[in-house]
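The values are calculated or read from the model by the stated rules, or taken from the named source; none is laboratory data. Because the structure is a prediction, the values reported are computed rather than measured. Cβ: placed from backbone, ideal geometry, glycine included. Neighbour counts: every protein chain shown.
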Amino acid sequence: MDRTNDTDTTRRVEITARDGRADIEIDDARIDPSAVKAYSVSHLAGEQPELLLHVADRGATQWSGMARVAVADLSDPGPAAAVFLEAIDPEALERAALARSDLGTEPYSLTKAMLLQLGEWARGH
């Protein structure tokens, strides 16, 4: 689902973020924080800023008022992760993990090193 409000009217948006949570108001109407999984603000030169809200699936979430807001569902990362993991060469992963300078000697150190290595590869490092 990717819906964008069709109006060109911009609305007053206030976001107060602290300690891992954010209070969001649109035209002085407070948005229930438990209804929002994530948000992002973007602003390209010469264009109006845009607020993108990722809404939690709560069944009866309601929005009132008008705002230039795009609402999108976050996609399930599972299928992409499966494709990524299927492409990993086990021998290359083991070699890379064993060669890490942070490889420890405590229990599960090799597994931890492999997970760190996979994370780095996933981020393109």
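Conditions (1) closer than 19 Å to Arg123 by Cα; (2) at pLDDT below 60, marked per residue:
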site: Leu51; (1), (2): no, no
site: Asp57; (1), (2): no, no
site: Gln62; (1), (2): no, yes
site: Val69; (1), (2): no, yes
site: Ser75; (1), (2): yes, no
site: Ala81; (1), (2): yes, no
site: Ala87; (1), (2): yes, no
site: Leu93; (1), (2): yes, no
Only one of (1) loosely packed, with under 12 Cβ neighbours inside 10 Å; (2) assigned to a strand (DSSP E or B) fails for Glu25. Which number is that? (1)
Tally, over the range 91-123, of residues that are among the hydrophobic types (A, V, I, L, M, F, W, C), surrounded by 12 or more Cβ atoms within 10 Å (Cβ to Cβ) and more than 21 Å from Ala81 (Cβ to Cβ): 2
For the range 28-57, how many residues meet the condition of being part of a helix (DSSP H, G or I) and either aromatic (Phe, Trp, Tyr) or surrounded by 12 or more Cβ atoms within 10 Å (Cβ to Cβ) (or both)? 1
For the range 1-49: of the residues being closer than 24 Å to Asp76 by Cα and charged (D, E, K, R), which is modelled with the lowest pLDDT? Asp2
